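In what follows, a structure is listed as structure tokens, so that the remarks can point back to it.
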Amino acid sequence: VQLVESGGGSAQPGGSLRLACAASGRTLNTYAVGWFRQAPGKERECVVVISWSGDSTYYADSVKGRFTISKDNAKNTVYLQMSSLKAEDTAVYYCAARPLGGLRTAVRDYGYWGQGTQVTVSS
């Protein structure tokens, strides 16, 4: 499966952005999808995961209540709605997929990755 992220950009603190992860080659309804982020000088970390069935989600404590993941099987796309953005949300955001996967949060558990999209939050 090939993944392409879009929707990154700049936002002010408190603002919102919506990222999209469009898949081709396979249908995402048989893949768990995670959003990861990597800030300069830091390790890549898991932000949110949605199970292959779409009925389970995981959110990192740092984004709970602010970020929402959703899956549109008809469009073969996963979205990450980010609200109440903070400066510490600044990072390159990657989507990743693993077949028939559950709520795994380790980078090594995902075999398919997008190229990443930059999110910058500053005033």
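Computed quantities for the displayed model
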quantity	calculated
Packing rank of 110-119, 9-18, where each peptide gets the mean count of other beta carbons within 10 Å, highest leading	110-119, 9-18
For the chain: accessible area per residue (Å², 1.4 Å)	50 Å²
Computed Kirkwood radius, in angstrom, where 1/r is averaged over Cα pairs of segment 34-93	12.2 Å
Proximal lysines relative to Lys64, as straight alpha-carbon distance under 23 Å, when same-chain residues fewer than 8 apart are discounted	Lys42, Lys86
Whole-percent carbon and sulfur share, accessible surface of the chain, 1.4 Å	46 percent
Residue-count net charge about Thr57 - beta-carbon cut-off 13 Å; Lys, Arg +1, Asp, Glu -1	+2
Loop-located GluC sites (Glu not before Pro) in segment 31-123 whose Cβ has at most 15 other Cβ within 10 Å (DSSP)	Glu43
Residue with peak Gaussian network fluctuation, the chain [Cα springs, cutoff 10 Å], from Arg108, Arg37, Arg98	Arg108
Sequence of Asp89, Asp55 from largest to smallest accessible area, 1.4 Å probe	Asp55, Asp89
Extreme residue, positive dipole direction of the chain, given options Thr27, Val119, Ala39 (C-beta unit charges)	Thr27
Charge dipole (debye, nearest 20) of the chain; +1 at Cβ of Lys and Arg, -1 at Cβ of Asp and Glu	120 debye
At 1.567 mPa s and 4 °C, Stokes diffusion of the chain via Kirkwood alpha-carbon radius, µm² per second	92 µm²/s
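The values are calculated or read from the model by the stated rules, or taken from the named source; none is laboratory data. Because the structure is predicted, anything quoted here is derived from the model rather than measured. No Cβ is skipped: glycine too gets one built from the backbone with ideal geometry, and neighbour counts run over all protein chains shown. Heads up: the accessible areas ignore ligands, DNA and RNA and are worked out on the full protein's heavy atoms, side chains in. Shrake-Rupley method; radii C 1.70, N 1.55, O 1.52, S 1.80 Å.
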